[in-house]
1. Which whole number gives the average count of other chain Cβ atoms within 10 Å of the Cβ atoms across peptide B:93-104?
2. Once the Cα atoms of segment A:159-266 are picked out, what are the Rg and Dmax in Å?
3. Hey, could you pull the Cα Rg and Dmax for segment A:196-322, both in Å?
4. Given N residues in the protein assembly as shown, what is Rg(Cα) / (2.2 N^0.38 Å)?
5. With respect to the cross-link table entries A:Lys3/A:Lys155; B:Lys55/B:Lys132; B:Lys55/B:Lys226, which display a Cα-Cα separation exceeding 19 Å?
6. What does the structure give for B:306-314 when I average, per residue, the other chain Cβ atoms found within 10 Å of the residue Cβ?
7. What distance in nm separates the two pseudo spin-label positions at B:Arg288 and A:Ala165, each 7 Å out from Cα along the beta-carbon direction?
8. Say each of B:Ser260 and B:Arg304 gets a label point 7 Å from the Cα, pointing the same way as Cα to Cβ; how far apart are those two points in nm?
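The values are calculated or read from the model by the stated rules, or taken from the named source; none is laboratory data. Quick caveat: nothing in here was measured; it's all calculated off a predicted structure. Here the Cβ positions follow ideal geometry from the backbone for every residue, glycine too, while neighbour counts run over all protein chains shown. For accessibility, only protein heavy atoms count, side chains too; no ligands or nucleic acids. Shrake-Rupley method; radii C 1.70, N 1.55, O 1.52, S 1.80 Å.
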Amino acid sequence: MPKITYREAVNQALFEEMHRDSSIIVFGEDVAEYEGSFKVTRGLLKEFGPERVFDTPISEAAIVGTAIGAALGGLRPAAELMTVNFAYVAMDQILNHLAVMRYMFGGQAALPVTLRMPGGGGHQLGAQHSHSLEVHFVHTPGLKVLCPATPADAKGLLKAALRDAGPVIFLEHEGLYNLAGEVPAEMEPARIGEAQVLRPGRDVTVVGYGAMTHAALAAAALLEAENVGAEVIDLRSLRPWDKAAVLESVARTHRAVVVEEPPPVCGIAAEVAVNIYENIFDELDAPVERVSGADAPMPYAKNLEQACIPRAEDVAAAARRALGR
Amino acid sequence: MKKSELLHAYYLMRLARGFEARVAEQYLKGRIGGFCHLYSGEEAVAVGAMWHLRKEDYVIGSYRDHAYYLIRGGDPRRAMAELFGHEDGCCKGKGGSMHLFDRGINFLGGYAIVAGMCPIAAGLAKAAAYRKEDRVVVCFFGDGATNQGVYHEALNMASLYKLPVVWVCENNYYAIGTSVPRSSARESLAAKATAYDMPVSTVDGMDFLKMQSAAGRAVAAARAGKGPSFIEAKCYRYRGHSMSDPGTYRSKEEVEYWKSRDPLPHLKRIIQDDFEAGEEEFAAIDARVARELDEAVRFAEAGRELPPEKRLEDVYAE
Ligand SMILES: Cc1ncc(C[n+]2csc(CCOP(=O)(O)OP(=O)(O)O)c2C)c(N)n1
Ligand SMILES: [Mg+2]
């Protein structure tokens, strides 16, 4: 199987789906001539021309709003927000328009919109450029939220998003763009809402998504050296999320650790934990452990920033606590 | 203008230019991280725009902020330390290159969300007006910012309430890789601002004297309670958008053309033409700048980061 990067995987999904469906258009800041600030849209302008691939002004609210209108008008816009941080500028269009319109108009407004946005911390970009916005989106009925952790999922899930009835928020992690992995050349879309067990284990379940899946995997390797079998579940999709897969695993291991990059308050880990408590409380041998980002804006200094983002060692420590070690 | 004043303007531009050269060096050594945007080429804009300000006036701007901070009178040592992420940086290392800030000099921040600071500038001016303080606000932003909704909202409100703001648009022709004609329906950004019924001007931002004279009118109008003005400063950034942008979308000829109009030798020539000014006077300025920048780098090298537990401080007041 060919090995490609996460960046190339996203790019391939765009290429293939645009060839398949001429209603897909791609636009955003510097996506066409500059080929994306992370070079994810490389080659698209050349291949599909300026009617389908075009640069926009720095106008995030209007980028999203235009995508909504284009979708209502029969297209399948795949807009890029240069980074997730700028989605804040467009939140009214995303949360108050895109998310609610199908419902508000009695199911008549089809909105096959995909919003791609890279995000996440770890590059010393400071408080305004290091956000992980998944919680804001996941909180909102009407949106689907995908968070691929691997190149294969980046491709499979983006294909799924581009064929979905939408709207879909597609969160790419800046720290993963150079990650290489095996990706089938011919690939069917992945199934939205399905988690994946990346590593089986019997002692503790570690749930992650996006970059945190890799912290979970690294933690599992640390724990293996201590004879602890950690089962790693990659959620892949945050809304809907695969409750059944998580509950099934925790019912077997009786212990759970949930890892997330943003701050803990009302977060993804809290949501997963409460579902475990509500459904399989009696199966638990220890409280669910949450490993979250610091409850503070992201600092610039490298040491402070590193201390704000969950590391494999933090995840392993949480697993040890769950195991009473 | 007096010779000493012109020499001071020259010094400020040199300082800003020299600082960016040191920053680039340190960035490549890996001592500075994150996004780092240099002001090289645009010095006449900031020095000119701030020329008529008094201590109590406010300055606010974008992430391309090292020059604003230094020209406003900031300590180069504390700026460099901030870029190193150190505790004795002007924001304790929590802000970084894009987020300098210093209350002591009324530089109220570099902001990394394009146009995010525009309404904040209007709010500062509102506070000054309400408190009957004699303060003017100078707000710096790029051509790209004029395509943001909040920019238009802020210009409208400032004009509506006749707030003492000087809007300084650094039109360096590009927002990362997108040129003005490819992003703004109205290519003249001054014309675009006329919608808000305030005085606008388009100025050669490579020329300190022209910049300061336009700023003089705008600052005087703001002080006189006549409300905001808009200055479109045509300028150029010599480097890529940030340290991580190779800037391949601009031709070599274009960059060379702008470098041939460099504001530093231009001002030097004016000083030499109008006054007796020997090379040694400029050499003395260069030497002073080099000394101050050596000192800034040494200071930063000697510092350290905050201990990690301090990451949770400053979120709230207590
Ligand atoms: C709301 C928002 N969108 C996008 C970005 C990414 N970005 C940073 S700087 C920039 C270009 C800004 O250009 P301009 O306003 O002309 O200022 P210049 O960098 O040329 O000084 C972009 C798109 C951002 N920081 N904020
Ligand atoms: Mg610009």
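1. Details: counts 7, 10, 6, 10, 4, 6, 5, 0, 0, 0, 0, 0.
Mean inter-chain Cβ contacts per residue within 10 Å come to 4.
2. Here Rg and the maximum Cα pair distance are 14.8, 46 Å.
3. According to the Cα coordinates of segment A:196-322, Rg and Dmax are 13.7, 44 Å.
4. Details: Rg = 26.4 Å, N = 643, 2.2 N^0.38 = 25.7 Å.
Relative to the 2.2 N^0.38 Å estimate, the protein assembly as shown comes out at 1.03.
5. Values: A:Lys3/A:Lys155 12 Å; B:Lys55/B:Lys132 16 Å; B:Lys55/B:Lys226 21 Å.
From A:Lys3/A:Lys155; B:Lys55/B:Lys132; B:Lys55/B:Lys226, over 19 Å: B:Lys55/B:Lys226.
6. On the way: counts 4, 3, 9, 2, 5, 13, 7, 1, 3.
Across B:306-314, the average partner-chain Cβ count within 10 Å equals 5.
7. About 7.2 nm separates the two model spin labels.
8. Between B:Ser260 and B:Arg304, the simple spin-label model gives 5.3 nm.
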